[in-house]
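Below you'll find the structure, written out as C-alpha cells, and then a few comments.
The values are calculated or read from the model by the stated rules, or taken from the named source; none is laboratory data. Note that the structure is a prediction, hence the values are computed from the model and not measured. Methodologically, a virtual Cβ is constructed for each residue, glycine included, from the backbone with ideal geometry; neighbour enumeration extends over all protein chains shown.
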C-alpha cells in the first residue's frame, strides 16, 4: 500500500520499507510539518521562529505522525496485529488511510496484478474494523450506562465521556453523534442493536475523521479508482509517496531545491548529478507533478486544516516589535481548533495566564479583544494578564 513509504517521505525518518505485507510491526513515530504562509511578509518583518521553521515566507509547523502496524480482516477480534493497531489509534485525532489506488495490494497485504483489487474494499474494511472495536468497548458497560441514565439525573453524555475519555472522544463528539442519529439520549435502553451500531459508527466518523490518500497514482488504473473513491464522500488526496521521498532525499543531498508541497523543483547547476538521476527527476515532474504535487504534504495539511479544522495563531509579548521577551520576532506559531477563544488560548500557553487574563491585543489591528473573542487564522495575539504577557 505504501504507508511506510508515505511516513518516511513525510518525516524523513528511517523505517523499514519492503515489498511484502505488514512490514511495520511496531509503530514508528516521527515529526512531519504543516505548511502555511507565514505572516512575516504581510507584516514586513524578519522573523525568528522558535517552535517552527520559516523558509522563504513558508511556515512549517511540526506535528506528530504515527505509522501503525497493518490490519487484516477481523482485527477487532484480535486477529493479526489488530489489538496493537487499535490501541495505537486511541490517541489519534485523525486518521490518514493510505490505500493502493492501483489495486495491486489485497486486503491481506498480498501483491496482486494492478487492477485486481478494489481499493474501496480497503476503505469499507477499515471503517468496519474501527467501528466494531468501539462497539466492543462500549457494549461491555452499555446496559449499566443505559440503566443509570434512566434511573438517575446523570446524563448519557457525561457517562459516555467518562467511558471513552481514553480514546480521545469527548462530550462534543458524543453530542454531535446523538444529534446526527436522532436517538433518544434519555431512553438508551430502548435503542435496538442496529441503532446502537449506528450511533457508534457515527461517533467513529466524528471522533476519528479519516482522510483517504490514494497512493501509487502513477500506476494504472489508479486515476479511475480515485474518481470512484471520491464518490464515497471522503476527502481523497491523489499521491505518490515514492516520488515525494525521492524529492526530499535529493533536496537533502543538495541536488535540487524543493520544499515539501512545492509544485516543482529546481536542479542545482553547481551539483554533480548523473544522467540517471536527472531522468528519474524528470519522470517525477512529468508523471506525478502534473497532478500539482506529490500529495504527501497536501495530505498532512488537509488532515489538520480540513478534517480537524485547525487554525494557526501567532503569539507575541511585545505588540510593537511583534516579539517575545527575548526579542525573537513571531517566535511561536500555534495550532488551535477553530472557535478557540482568546482566554482559551491563554490557558493553552499557561494556566496562570488564563486565570489572570485581562484581555488580548490583536497585534495587526491594535484592537483589544475580550475573553470570548474567537481567534481567526493567522491572527497575531498578545495576551494581557494581571501577571504578565505572552
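Residue by residue through region 346-366, note down the ones that are within 25 Å of residue 305 (Cα to Cα) and either in a helix (DSSP H, G or I) or assigned by TED's automatic domain parsing to the domain that holds residue 37 (or both).
Hits for region 346-366 are 346, 347, 348, 349.
Would you confirm whether any residue within region 39-46 is surrounded by 15 or more Cβ atoms within 10 Å (Cβ to Cβ), touching a strand residue (DSSP E or B) at 6+ places or on another chain (Cβ under 8 Å) and within 14 Å of residue 260 (Cβ to Cβ)?
Taking every residue of region 39-46 in turn, none turns out to be surrounded by 15 or more Cβ atoms within 10 Å (Cβ to Cβ), touching a strand residue (DSSP E or B) at 6+ places or on another chain (Cβ under 8 Å) and within 14 Å of residue 260 (Cβ to Cβ).
What residue, among those in region 360-374 that are without any contact (Cβ under 8 Å) to a residue 24 or more places away in the chain and touching a strand residue (DSSP E or B) at 6+ places or on another chain (Cβ under 9 Å), is surrounded by the most Cβ atoms within 10 Å (Cβ to Cβ)? Show your work before the answer.
Within region 360-374, the first condition is being without any contact (Cβ under 8 Å) to a residue 24 or more places away in the chain, and the residues that meet it are 362, 365, 367-368.
After this cut, where a residue has to be touching a strand residue (DSSP E or B) at 6+ places or on another chain (Cβ under 9 Å) as well, the list is 362, 367-368.
Working: 362: 18, 367: 10, 368: 13.
If we take residues in region 360-374 being without any contact (Cβ under 8 Å) to a residue 24 or more places away in the chain and touching a strand residue (DSSP E or B) at 6+ places or on another chain (Cβ under 9 Å), then 362 is surrounded by the most Cβ atoms within 10 Å (Cβ to Cβ).
Quick check on region 269-285. Is at least one of its residues assigned to a loop (DSSP other than H, G, I, E, B) and touching a residue at least 40 places away in the same chain (Cβ under 8 Å)?
No, because not a single residue in region 269-285 is assigned to a loop (DSSP other than H, G, I, E, B) and touching a residue at least 40 places away in the same chain (Cβ under 8 Å).
Where the second residue is assigned to a helix (DSSP H, G or I) and the first is touching a residue at least 60 places away in the same chain (Cβ under 8 Å) and lies in region 144-171, which pairs have Cβ atoms under 6 Å and are six or more apart or on separate chains?
Correct list of pairs: 167/90; 168/91.
Hey, any hits in region 298-306 for a residue that's within 29 Å of residue 218 (Cα to Cα), under 21 Å from the mean Cα position of the chain (by Cα) and without any contact (Cβ under 8 Å) to a residue 40 or more places away in the chain?
No, region 298-306 has no match at all.
So if I check each of 50, 63, 58, which one is loosely packed, with under 15 Cβ neighbours inside 10 Å, touching a strand residue (DSSP E or B) at 6+ places or on another chain (Cβ under 9 Å), under 21 Å from residue 11 (Cβ atoms) and at pLDDT 95 or above?
Result: 50 is the single residue among 50, 63, 58 that is loosely packed, with under 15 Cβ neighbours inside 10 Å, touching a strand residue (DSSP E or B) at 6+ places or on another chain (Cβ under 9 Å), under 21 Å from residue 11 (Cβ atoms) and at pLDDT 95 or above.
Suppose we keep only residues that are within 20 Å of residue 325 (Cβ to Cβ) and not in a strand (DSSP E or B) within region 367-388. Which one would you say is nearest to the chain's Cα centre (by Cα)?
Among those residues, the one meeting the criterion is 388.
What are the pairs, 6+ residues apart or on separate chains, where a residue within region 320-341 that is over 17 Å from residue 378 (Cβ atoms) has its Cβ under 9 Å from a residue that is at pLDDT below 95 and outside any loop (DSSP other than H, G, I, E, B)?
325/389
To keep it simple, each residue is scored yes or no on (1) within 20 Å of the chain's Cα centre (by Cα); (2) in a helix (DSSP H, G or I).
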| site | (1), (2) |
| --- | --- |
| 147 | no, yes |
| 150 | no, yes |
| 154 | no, no |
| 177 | no, yes |
| 186 | no, no |
| 189 | no, yes |
| 202 | yes, yes |
| 214 | yes, no |
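Which numbered condition in (1) on the phi < 0 side of the Ramachandran plot; (2) in contact with a strand residue (DSSP E or B) (Cβ under 7 Å, 6 or more places away or on another chain) is the only one that residue 216 fails?
Going through the list (1) on the phi < 0 side of the Ramachandran plot; (2) in contact with a strand residue (DSSP E or B) (Cβ under 7 Å, 6 or more places away or on another chain), residue 216 breaks only (1).
So residue 115 ticks every box in (1) under 25 Å from residue 231 (Cβ atoms); (2) touching a helix residue (DSSP H, G or I) at 6+ places or on another chain (Cβ under 7 Å) but one. Which box is left unticked?
Answer for residue 115: the failing condition is (2).
Checking residue 263 against (1) in contact (Cβ under 8 Å) with a residue 24 or more places away in the chain; (2) over 30 Å from residue 90 (Cβ atoms); (3) surrounded by 18 or more Cβ atoms within 10 Å (Cβ to Cβ), which test does it fail?
(3)
All but one of (1) free of Cβ contacts under 8 Å to residues at least 24 places away in the same chain; (2) surrounded by fewer than 17 Cβ atoms within 10 Å (Cβ to Cβ) hold for residue 183; which doesn't?
(2) is the only condition that residue 183 fails.
If we keep just the residues of region 210-259 that are under 25 Å from residue 111 (Cα atoms), touching a helix residue (DSSP H, G or I) at 6+ places or on another chain (Cβ under 7 Å) and free of Cβ contacts under 8 Å to residues at least 60 places away in the same chain, which is surrounded by the fewest Cβ atoms within 10 Å (Cβ to Cβ)?
Checking each candidate, the answer is 246.
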